[in-house]
Amino acid sequence: MTENKTLQKTSPFRYGIGMFGTSMPINMFKSFAAIFYVDMLGLDMKKYSLVLLIYTFVDAIDNPVYGFLSDRTRTKWGRRRPWLIIGAPLLVLCFILFFNVPSFIESEKGMLFIYMLLMYILTGTLDSLVNANYGALFPELFRSDDKRAKTNGIRQVCQLFAMAISIALTPMITEKIGYRLTALIYGVLAIIVMMYCFVGCRESTDYEELEKPKLVDSIVALVKNPHFWIFGFAGAFYSSAFALISQALPFYVKYTLGLGGSTTTIMLGIVLGVAVIGILVWSKIAKKLPVMTIWRTGFIIMAIGFIPLYFAKVLPLAIAIAAVMGFGIAACLTTMDCIGAKIVDDDYRRNGVKREGIINSLMGVMNRLNGLYTSLAFFIASEYFGFISGDEPGDNPGLAAKVLLCVFPCAAMVLATVISFFLKLPESKENE
């Protein structure tokens, strides 16, 4: 009763708006790293794919470590908040440095690769630290399905607004003020929102009587849990498709449609705008349909949408198709965190150990396996189509961009859809 009373003090809005702050830097970081380093600075695309590959393995190690340390932390401020308040400023600093390459490094391609690799790893691992702790707070602070649904709705809408700015508007903004100043502005905005959220999260400090989770035991328990693997691989392929959409769309607009950065803004803006409306629609549908059904429906809509997008030759048709896919993305955003919270609850019922941090982190590892897939996609685009950089785009950069944006994401979503049908969790329609 004491714990529940403490947890009730956290406002769903104050927790949910934190997603705006955490999403701002990482969305620009992941979406525009390729176009900034490869197309603008002239880094070899194969070296960019190598950075993605190396970081994927780093990310597979750091996520469970951060979750493990978080679960075992005991302070008067809680388990998660100390990590959040320390990690957020460091994340923003590295994000700003990633897009502010010193001039003496920018002119030397060997040093540019090393600089990008170092800053990519630092920015990515600090994002893992922040999100491992922020995500672990969700099932802990909000216990009931209706509270979770309300809070997650706020969180996902905030994430989409962050995407609208940090992904959709970024091409237009960077055309005016450049990537360096844009990153600085986004970073300042992100840290203000994150600190407002993290300071206001009233997590319980009554953990002294609880067993501290052990890393090896926790990993073994999850390895034996089929729900974790099925959900993890489905999420990984979905994340791969989503990552390729944001990274490949600027190339598609420039080389396939032959249009400027403002077109990228328009397309992404429409997709995200439809997704915001879609979250409201799917939230109402969830009162009648199980979340698992909605989750799979979103996967199917996205998988089918990539097929006509490949053959689209005019902007209005491409925008219309992208809008439909935005509705599918909304279905995934509405349900994925709720399904993940169910897996956390199920683990606690089975094992009697509270380890939201480790579970959330290991789910993050699965999702970020998308780095292997996206790395492969960029490597093939470079090797097969001869796309080296913005200075050497090859003989058919338009086709290379279509393969990056449509073929690889479509294959990923087909796999995610098939895998999702193997996940069987108990449904509770009246609570969802």
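The values are calculated or read from the model by the stated rules, or taken from the named source; none is laboratory data. None of the values given here were measured: they were computed from a predicted structure. Here the Cβ positions follow ideal geometry from the backbone for every residue, glycine too, while neighbour counts run over all protein chains shown.
What helices (runs of 4 or more DSSP H) lie completely within the stretch 79-144 and have 1 or more residues being within 16 Å of the chain's Cα centre (by Cα) and among the small types (G, A, S)?
109-141
Among (1) more than 24 Å from the chain's Cα centre (by Cα); (2) among the hydrophobic types (A, V, I, L, M, F, W, C); (3) over 28 Å from P213 (Cα atoms), where does V353 come up short?
(3)
This table checks each residue for (1) among the charged types (D, E, K, R); (2) out of contact with any Cys (no Cβ under 9 Å at 6 or more places or on another chain); (3) surrounded by 21 or more Cβ atoms within 10 Å (Cβ to Cβ); (4) over 30 Å from F36 (Cα atoms).
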| position | (1), (2), (3), (4) |
| --- | --- |
| S107 | no, yes, no, no |
| Y115 | no, yes, no, no |
| N133 | no, yes, yes, no |
| R143 | yes, yes, no, yes |
| R148 | yes, no, yes, yes |
| F161 | no, yes, no, no |
| I173 | no, yes, no, no |
| A183 | no, yes, yes, no |
| K214 | yes, yes, no, yes |
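Quick one: which residue in F237, F233, F251 is modelled with pLDDT of 90 or more and over 19 Å from T334 (Cβ atoms)?
F233
Given the stretch 314-432, what helices (runs of 4 or more DSSP H) lie entirely inside it while holding 1 or more residues that are under 24 Å from L129 (Cβ atoms) and either out of contact with any Pro (no Cβ under 7 Å at 6 or more places or on another chain) or at pLDDT below 90 (or both)?
Hits in the stretch 314-432: 315-351, 356-367, 370-385.
For (1) in a helix (DSSP H, G or I); (2) of a type outside the set (G, A, S), each residue gets a yes or a no:
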| residue | (1), (2) |
| --- | --- |
| Y15 | yes, yes |
| K30 | yes, yes |
| A34 | yes, no |
| L43 | no, yes |
| F57 | yes, yes |
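Can you confirm whether the stretch 264-278 contains a residue that is crowded, with 18+ Cβ neighbours inside 10 Å, modelled with pLDDT under 90, over 19 Å from R148 (Cβ atoms) and hydroxyl-bearing (S, T, Y)?
yes
Would you check if there is a residue in the stretch 244-262 being in contact (Cβ under 8 Å) with a residue 24 or more places away in the chain, farther than 24 Å from G340 by Cα and among the basic types (K, R)?
Within the stretch 244-262, one or more residues are in contact (Cβ under 8 Å) with a residue 24 or more places away in the chain, farther than 24 Å from G340 by Cα and among the basic types (K, R).
In the stretch 56-103, how many residues are in contact with a Cys (Cβ under 7 Å, 6 or more places away or on another chain) and over 15 Å from N133 (Cα atoms)?
So the count comes out to 0.
Got at least one residue in the stretch 384-393 being small (G, A, S), within 19 Å of the chain's Cα centre (by Cα) and crowded, with 20+ Cβ neighbours inside 10 Å?
No, the conditions are met nowhere in the stretch 384-393.
Show the residue pairs that are 6+ apart or on different chains and have beta-carbon atoms under 8 Å apart, the first residue being within the stretch 368-397 and without any contact (Cβ under 8 Å) to a residue 40 or more places away in the chain, the second being β-branched (V, I, T) and in a helix (DSSP H, G or I).
Pairs found: I380/V403; F385/V403.
Does the stretch 115-131 include one or more residues that are under 30 Å from K284 (Cβ atoms) and out of contact with any strand residue (DSSP E or B) (no Cβ under 8 Å at 6 or more places or on another chain)?
yes
Within the stretch 110-126, how many residues turn out to be within 14 Å of L93 (Cβ to Cβ) and free of Cβ contacts under 8 Å to residues at least 40 places away in the same chain?
4
Residue check, K284 against (1) in contact with a Lys or Arg (Cβ under 7 Å, 6 or more places away or on another chain); (2) without any contact (Cβ under 8 Å) to a residue 40 or more places away in the chain, all met but one. Which one?
The single condition K284 does not satisfy is (1).
Looking for something of a type in the set (F, W, Y) and out of contact with any helix residue (DSSP H, G or I) (no Cβ under 6 Å at 6 or more places or on another chain) - is there at least one such residue anywhere in the stretch 141-149?
No, every residue in the stretch 141-149 fails to be of a type in the set (F, W, Y) and out of contact with any helix residue (DSSP H, G or I) (no Cβ under 6 Å at 6 or more places or on another chain).
With the requirement that a residue be of a type in the set (D, E, K, R) and closer than 16 Å to Y252 by Cα, what does the stretch 279-315 give you?
Result: K313, single match.
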